[in-house]
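Take a look at the structure set out below.
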Amino acid sequence: MKPTALVRRTTARTLLAAGLMSSLALATGCTKSEDDSGSKPSASKQDDAGQVVASPGTASGPTCTIDAYGGQKTDLRTATVGFSQSEKEANPFRIAETASIRAEAKAEGVKLLTANAQSQFSKQISDVQDLIAKGADLLVIAPLNSDGWEPVLRTAAARHIPIVTIDRKINATACKDYVSFIGSDFVEQGKRAADRMIEATGGKGEVAVLLGAAGNNVTTERTKGFEDRIKEKAPGLRIVFRQTGEFAREKGQSVTENLIQSKPGITGIYAENDEMGLGAVNALKGAGKKPGDVKIVTIDGTRNAVQGIVDGWISAVIESNPRFGPLAFRTLDTFTKGEKVGQDIVIKDSAYDKGNAQTDLGKAY
């Protein structure tokens with residue numbers, strides 16, 4: 001890389017982050033997250049803007065090459081990359097994710113085409129087909145749903161277009177239908193959330209689960225991790241309520257309002273993303289509850305949720321880092337050069353609680 005390119009990249013990331021840093025470390029391949037103690041640093045790294053960065057060629061699990069996938073070597077910087085965002089960018093996770101992709105494309109001097117499905121799966125399918133029609137040579141997709149991608153996969157396969165998915169998986173075959181998935185270990189996130197809930201409640205009482213949107217692996221895996229850990233470690237903590245909040249603040253609030261009526265003695269609420277958790281906070285405030293009356297654990301790491309810890313309404317937040325730009329482009333670059341990349345590139349996320357929320361607020365997005 002030319003020195004000037006490195007300067008441009010560093011400047012772009014610094015401006016994007018406005019001084020934000022994530023406590024995320026990253027592992028490629030199928031590496032599991034360690035606990036929150038931080039006793040053993042990861043061999044992987046982050047940049048100064050909290051972007052997810054690492055060498056995608058060091059994966060310990062199954063790998064993919066352009067020969068195995070089908071296609072020809074190319075120079076990323078002469079290619080056109082299409083990015084499909086799944087949800088409306090009212091959610092800080094989506095804002096940070098898109099900003100990271102845009103900033104990295106600019107830093108690398110790569111032509112980028114973008115589309116936003118506005119939380120409509122049929123639109124996302126047509127969006128990606130349109131990106132291909134407009135000349136996208138490579139695709140980065142943040143899938144809304146895990147199923148239903150066959151039309152896109154057929155079109156991409158016919159043109160030998162490499163696909164990298166970020167933050168959610170699609171139900172297809174890696175290194176055949178798509179190249180790599182880059183994201184968190186969602187089962188592990190659920191387990192870590194359960195550990196924090198057990199700690200906050202003393203392992204006793206009744207817990208409600210605000211489920212994410214149906215039809216994607218994130219909801220399924222975050223639920224499994226949480227429920228399995230509760231059964232294993234805290235039999236005195238009973239899950240008595242499950243309802244989808246669709247990863248949205250307004251829905252999370254309305255579901256919690258109903259929860260308070262049906263389960264007035266609820267001890268804790270596990271929200272499978274921060275937005276639903278913040279909706280739950282609004283509902284509790286409206287019901288006259290005080291901070292800490294109901295223990296809330298969420299997943300994402302947004303600034304508003306971390307502030308909720310500082311204010312006493314939220315017990316803990318498990319981070320899910322959305323800043324995939326550098327790693328997504330590095331994966332595509334490595335792959336299109338003919339080198340190996342991991343089929344599953346699993347990042348390691350941090351966490352926030354009352355011990356670090358105030359000092360680490362600036363790291364949230």
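No value in this document is a laboratory result; all are computed from the given coordinates. Bear in mind that the values here come from a model prediction, so they are computed numbers and not experimental data. Virtual Cβ from ideal backbone geometry, glycine too; neighbours counted across all protein chains shown.
The table that follows gives values for the structure above.
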| quantity | calculated |
| --- | --- |
| Relative contact order of region 186-319, pairs being alpha-carbon contacts under 8 Å that are 6 or more residues apart, as % | 27 percent |
| Separation between Cα centres of region 246-289 and region 159-175, rounded to whole Å | 34 Å |
| Stretch gain in nm, segment D293-D75, where the contour uses 0.36 nm per residue and the Cα spacing is subtracted | 72.9 nm |
| Region 60-200: radius of gyration and largest Cα-Cα distance (Dmax), Å | 16.1, 53 |
| Fewest-first sequence of T74, T336 by Cβ atoms within 10 Å of each Cβ | T74, T336 |
| For Y178, residues with placed amide H under 5 Å, excluding near neighbours | T173 |
| For M197, M276, order by how many other beta-carbon atoms lie within 10 Å, fewest first | M197, M276 |
| Residues of region 75-95 with amide N under 17 Å of a point placed 7 Å along Cα→Cβ from K134 | 79-89 |
| Global geometry of region 186-319, whether rounded, prolate or oblate, following the gyration tensor of its Cα atoms and the 1.5 cut on a/c | rounded |
| Likely footprinting exposure, L138, L361, fewest C-beta neighbours within 10 Å first | L361, L138 |
| FRET efficiency, 1/(1 + (r/R0)^6) with R0 25 Å, evaluated for A68 and K111 via beta carbons | 0.40 |
| For region 353-365, 3J(HN,Hα) per residue [Karplus equation, 6.51 cos²θ - 1.76 cosθ + 1.60, θ = phi - 60°, Hz, x = Gly/Pro] | 8, 5, x, 9, 4, 5, 6, 9, 4, x, 7, 6, 10 |
| Restraint check, K289/K348; K73/K111; K231/K295, Cα-Cα greater than 24 Å | K289/K348 |
| Inter-label distance, nm, simple model (7 Å from Cα along the C-beta direction), E232/E206 | 2.7 nm |
| For region 134-150, Karplus couplings with θ = phi - 60° (6.51, -1.76, 1.60), whole Hz, Gly/Pro x | 7, x, 5, 8, 9, 10, 10, 10, 9, x, 6, 10, 8, 9, x, 8, 3 |
| Karplus-derived 3J(HN,Hα), 6.51/-1.76/1.60, for each residue of region 84-99, Hz, glycine and proline x | 10, 8, 8, 10, 4, 8, 8, 8, x, 4, 5, 4, 5, 5, 5, 4 |
